[in-house]
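Enquirer: The structure under discussion is supplied below as structure tokens; questions concerning it will follow.
The values are calculated or read from the model by the stated rules, or taken from the named source; none is laboratory data. Owing to the predicted nature of the structure, the values given are computational and were not obtained by experimental measurement. Counting neighbours? That spans all protein chains shown, and the Cβs are built from the backbone with ideal geometry, glycine included.
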Amino acid sequence: MRPLTSDLLLRAYAMGIFPMARSRTDQRLYWIDPDQRGILPLESFHIPRSLCKTLRREVFEMRVDTAFEAVMEGCAQTTSGRPDTWINDEIVRLFVELHHLGMAHSIETWRDDKLVGGLYGLSLGAAFFGESMFSRETDASKVALVDLVARMKRAGYMLLDTQFVTDHLSRFGATEIPRHHYLKLLTGAVEMPAVFPRGPVDWTEALRQGDVRV
């Protein structure tokens, strides 16, 4: 079997399918095309008040694309609540390649110059495919998600694909939609140009303008 290329991966995402491994050590990839697709509607995204306080206090420092591989490794690590992961070496290889091409990005949560959380995903047109997140401190991954949404809204993105919906994502407004509805949204989003912003987010301004809301 020939190795999967980043070009083929991009075409797959544009068609609404994505790869996963069955475990960290399984080197095979499987194409996933769920009947119900998880998305986080940007217009109805909201954050809990307790998390809003964390943002205003600027407990964490947010960075973009400074430690992409480290974020992927953090997402791939097992925890007590997650004994295995779908991110294998092939997924890491492909997304690192896409990162070097400027298409995959990491939102990183730092504290005392240590990486304590974050997320990574793929940007394609005005769609962002959130792949995975991790947290080593309370609220670290949640802050990364809010940071991502603020950037997407600033840059005019149309679709935040979460693939599936978890209890964690449901708190922010994530929902499931049928495949045919998702594909319609996806087609419109990937055809629109958007540039992923890397500058810092002014949380006071973001909250005032409604980029993120409580």
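Enquirer: Restricted to the range 23-62, and to residues that are under 18 Å from the mean Cα position of the chain (by Cα) and among the small types (Gly, Ala, Ser), which residue is nearest to ALA174 (Cα to Cα)?
Expert: Going through the qualifying residues, I end up with GLY38.
Enquirer: Check ARG11, ARG56 and return the single one that is exposed (fewer than 13 other Cβ atoms within 10 Å of the Cβ) and touching a helix residue (DSSP H, G or I) at 6+ places or on another chain (Cβ under 7 Å). Show your work before the answer.
Expert: Numbers: ARG11 fails: touching a helix residue (DSSP H, G or I) at 6+ places or on another chain (Cβ under 7 Å).
On inspection, the qualifying residue turns out to be ARG56.
Enquirer: Just give me the residues in the range 105-153 being charged (D, E, K, R), over 10 Å from the mean Cα position of the chain (by Cα) and assigned to a strand (DSSP E or B), in sequence order. So that I can check it myself, show each step before the final result.
Expert: As a first pass, look at the range 105-153 and keep what is charged (D, E, K, R): 108, 111-114, 131, 136-137, 139, 142, 147, 151, 153.
Then keep just the ones that are over 10 Å from the mean Cα position of the chain (by Cα); that gives 108, 111-114, 136-137, 139, 142, 147, 151, 153.
Answer for the range 105-153, where residues must be charged (D, E, K, R), over 10 Å from the mean Cα position of the chain (by Cα) and assigned to a strand (DSSP E or B): GLU108, ARG111, LYS114.
Enquirer: Give the range 107-157 a look and list any residue that's among the hydrophobic types (A, V, I, L, M, F, W, C) and either without any contact (Cβ under 8 Å) to a residue 12 or more places away in the chain or surrounded by fewer than 19 Cβ atoms within 10 Å (Cβ to Cβ) (or both), or say none.
Expert: Start the filter on the range 107-157 by keeping residues that are among the hydrophobic types (A, V, I, L, M, F, W, C), which leaves 107, 110, 115-116, 119, 122, 124, 126-129, 133-134, 140, 143-146, 148-150, 152, 155.
Within the range 107-157, TRP110, PHE129, ALA155 meet the criteria.
Enquirer: Another one. Using beta carbons and a limit of 9 Å, which pairs, at least six apart or on different chains, have the first residue in the range 88-99 and in contact (Cβ under 8 Å) with a residue 24 or more places away in the chain and more than 10 Å from LEU4 (Cβ to Cβ) and the second one crowded, with 21+ Cβ neighbours inside 10 Å and small (Gly, Ala, Ser)?
Expert: From the range 88-99, the pairs are PHE95/ALA104; PHE95/GLY121; VAL96/ALA104; GLU97/ALA104; LEU98/ALA104; HIS99/SER106.
Enquirer: Please determine, by comparing only the residues of the range 154-180 that are assigned to a loop (DSSP other than H, G, I, E, B) and among the hydroxyl-bearing types (Ser, Thr, Tyr), which one is farthest from PRO48 (Cα to Cα).
Expert: TYR157
Enquirer: Is it the case that some residue within the range 180-203 is closer than 22 Å to ARG63 by Cα, of a type in the set (S, T, N, Q) and either modelled with pLDDT of 95 or more or surrounded by fewer than 22 Cβ atoms within 10 Å (Cβ to Cβ) (or both)? Before the answer, list the steps.
Expert: If we filter the range 180-203 for residues that are closer than 22 Å to ARG63 by Cα, which is where we start, we get 194-203.
Restricting the remaining residues to those that are of a type in the set (S, T, N, Q) gives none.
Checked the range 180-203: no residue is closer than 22 Å to ARG63 by Cα, of a type in the set (S, T, N, Q) and either modelled with pLDDT of 95 or more or surrounded by fewer than 22 Cβ atoms within 10 Å (Cβ to Cβ) (or both).
Enquirer: Which is of a type outside the set (D, E, K, R) and within 23 Å of ARG151 (Cβ to Cβ), of LEU51, LEU29?
Expert: Details: LEU29 fails: within 23 Å of ARG151 (Cβ to Cβ).
Sole residue among the options that is of a type outside the set (D, E, K, R) and within 23 Å of ARG151 (Cβ to Cβ): LEU51.
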